[in-house]
């Protein structure tokens, strides 16, 4: 693989902004367009760009296989736990109203946590799929 200095420098400069934009989309998603799925895709795209420029092995050092597996399971567990918390508080599954004193605050908290779980899961799954097709070495 040839090393292109300009591409490497531009990637190092852009990557923090890509990840910051992913965070913006994640936490602004309950107020406007965006949310967990879109933020997960943006995060995954940032790390995939890093892997394409610096190599899959370098990206594996940053995101080991176990970390991505934990992200997949953790995001799904976060999503499910919000629903179970609603059930334990006497409401329907994924009815966020009882999560706070006021129904509107509970809705906000519930949507924020649900979208965070979706974002973590989507980013982890997309990166796992990329690394699998890119020839991820077995740990």
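The values are calculated or read from the model by the stated rules, or taken from the named source; none is laboratory data. Just so it is clear, the model here is predicted, and its values are computed rather than measured. In this analysis, Cβ positions are derived from the backbone assuming ideal geometry, glycine residues included, and neighbour counts consider all displayed protein chains.
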Notebook entry, point to check: Only one of (1) closer than 23 Å to residue 133 by Cα; (2) surrounded by fewer than 17 Cβ atoms within 10 Å (Cβ to Cβ) is not met by residue 31, so which one is it?
Noted result: (1)
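Scanning segment 126-139 for residues that are at pLDDT 90 or above, out of contact with any helix residue (DSSP H, G or I) (no Cβ under 6 Å at 6 or more places or on another chain) and surrounded by 10 or more Cβ atoms within 10 Å (Cβ to Cβ), which turns out farthest from residue 44 (Cα to Cα)?
So in segment 126-139, the residues at pLDDT 90 or above come out as 126-133.
Okay, now just the ones that are also out of contact with any helix residue (DSSP H, G or I) (no Cβ under 6 Å at 6 or more places or on another chain), so 129, 131-133.
Pick out the ones that are also surrounded by 10 or more Cβ atoms within 10 Å (Cβ to Cβ) and you get 129, 131-132.
Values: 129: 10, 131: 11, 132: 14 Å.
Among those residues, the one meeting the criterion is 132.
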Next item on the list: Inspect all residues belonging to segment 115-131 and state whether any of them is closer than 19 Å to residue 36 by Cα, free of Cβ contacts under 8 Å to residues at least 12 places away in the same chain and part of a helix (DSSP H, G or I).
Entry: yes
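Does residue 4 count as at pLDDT below 95, under 15 Å from the mean Cα position of the chain (by Cα) and surrounded by fewer than 18 Cβ atoms within 10 Å (Cβ to Cβ)?
Values: at pLDDT below 95: yes; under 15 Å from the mean Cα position of the chain (by Cα): no; surrounded by fewer than 18 Cβ atoms within 10 Å (Cβ to Cβ): yes.
Answer is no for this residue.
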